[in-house]
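Beneath this line is the structure, given in structure tokens, with notes to follow.
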Amino acid sequence: MVLRWLIITGLSCAAQNICQPTLAYSPCEIAFDLNDEERKQHPNPYWSVELRAEVRSPEFKTYQAYAYYDGAGKMVIRFAPTQSGAWDFRVTSNLPRWNGKQGQFQATPSDHPGYVIPRNVRHWSMTETKKPHLWMGDTMYTFASIDRGAFDDVIAKRAAQKFNHIRGHLLGADPALAFPAADKPNYAFFDEVDKRVRAMNEKGFTADLIIGRDENHLAKQFPERAQRERLIRFLASRYAAYGITWQLMQEFEEYADGRAIAKEIGELLKKYDPVGHPRTAHTVATSAPLVADGWMDYLLYQSSDDHLNAIERQLYTKPFVN
């Protein structure tokens, strides 16, 4: 369950709902209502409002969490605490009313296994249990946009078959429906995607999220770097609180300058994902040509050539997923 909470020192505006203490690794939200003056100054908050928080754990580890606009007059920081105890935060924003505000929330102990991470060079484990993770994945490219009943049937069947990853296009079958314009998300679409990613997590799946389609999609629909950065900030701030990995684009080789775009997106995810979920790019054969750029956490294959994997295991000290 997602809980909304807000405890901010020095706050003089209308009261906010304060959540009950929430389980570790459960997404919680800090909501910042825009008043009439702020809405007038920012007719498209998705594009122009800057709001983030330094979130400090009970052990004084600091995370930088960015807000996304929810389409209903709120900027939202969605963050999943990774341990129990008191978490403090301090806001930085170009909205003067919120800039410098501070607050605190409580997290309670959880038996959640944590997130999937690379471990011991070429292996996977969960952050909390540290148990080995055997990646067993299926592809459902249209998970974000197919009929909800069909989606529920697929994840129930795959859960019964002991799959633990499902990959698909985060922007759905038609990205123009998710983003009618490069600076205007379809908020209702993403509200439903939130529910589906959460449903996958609740069934025990990690969601492997593909941001861009093949055939140069990201460069076509979001031709300016500033547009792509806003896209990545929006997606990372919405989905980093869930159990996910990032698969930047489908078949990077089909982009006009696939390596450069992948490096750009990969570095933006390093900036905007406070947890640092694993990152890779899909490929027609192997994503190994991108390793040297420094943003990638694991290699992805789309090949049945055993020799390819055998050779690259001698060259790269990262996990491999085919």
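Considering only the stretch 216-238, how many residues are in a loop (DSSP other than H, G, I, E, B) and either farther than 25 Å from Asp70 by Cβ or open to solvent by less than 10 Å² (accessible area, probe 1.4 Å) (or both)? Residues meeting the conditions: 3. With respect to Ala241, is the statement that it is touching an Asp or Glu at 6+ places or on another chain (Cβ under 7 Å), surrounded by 22 or more Cβ atoms within 10 Å (Cβ to Cβ) and within 19 Å of Val275 (Cα to Cα) true? No, not satisfied.
The residue that is modelled with the lowest pLDDT, counting only those in the stretch 27-47 that are open to solvent by less than 40 Å² (accessible area, probe 1.4 Å) and either of a type in the set (D, E, K, R) or touching a Ser or Thr at 6+ places or on another chain (Cβ under 7 Å) (or both), is Cys28. The residues of the stretch 48-63 that are more than 14 Å from Phe234 (Cα to Cα) and either in a strand (DSSP E or B) or open to solvent by 60 Å² or more (accessible area, probe 1.4 Å) (or both), listed by number, are Ala53, Glu54, Val55, Arg56, Glu59, Phe60, Lys61, Thr62, Tyr63. How many of the residues in the stretch 262-314 are in contact with a Ser or Thr (Cβ under 6 Å, 6 or more places away or on another chain), under 20 Å from Ser237 (Cα atoms) and aliphatic (A, V, I, L, M)? Qualifying residue count for the region: 2. Exactly one of these conditions fails for Arg213: (1) open to solvent by less than 20 Å² (accessible area, probe 1.4 Å); (2) more than 14 Å from the chain's Cα centre (by Cα). Give me its number. Only one criterion in (1) open to solvent by less than 20 Å² (accessible area, probe 1.4 Å); (2) more than 14 Å from the chain's Cα centre (by Cα) is unmet by Arg213, namely (1). Screening the stretch 291-322 for residues that are farther than 23 Å from Leu218 by Cβ, part of a loop (DSSP other than H, G, I, E, B) and touching a residue at least 60 places away in the same chain (Cβ under 8 Å) and picking the one that is farthest from the chain's Cα centre (by Cα) gives Arg313.
Do you know which residues across the stretch 98-148 are within 30 Å of Asn35 (Cβ to Cβ), touching an Asp or Glu at 6+ places or on another chain (Cβ under 8 Å) and modelled with pLDDT of 95 or more? Across the stretch 98-148, there are no qualifying residues.
Among the residues of this structure, Leu218 does not count as one that is closer than 30 Å to His42 by Cα, touching a residue at least 12 places away in the same chain (Cβ under 8 Å) and touching a Leu at 6+ places or on another chain (Cβ under 6 Å).
Filter the stretch 258-290 down to the residues that are surrounded by fewer than 18 Cβ atoms within 10 Å (Cβ to Cβ) and assigned to a helix (DSSP H, G or I) and list them by number. Result: Arg259, Ala260, Glu267, Lys270, Lys271, Pro289.
The values are calculated or read from the model by the stated rules, or taken from the named source; none is laboratory data. Remember, it's a predicted structure, so these values are computed and weren't measured experimentally. Every residue, glycine among them, receives a Cβ derived from its backbone with ideal geometry; neighbour counts consider all protein chains shown. For accessibility, only protein heavy atoms count, side chains too; no ligands or nucleic acids. Shrake-Rupley method; radii C 1.70, N 1.55, O 1.52, S 1.80 Å.
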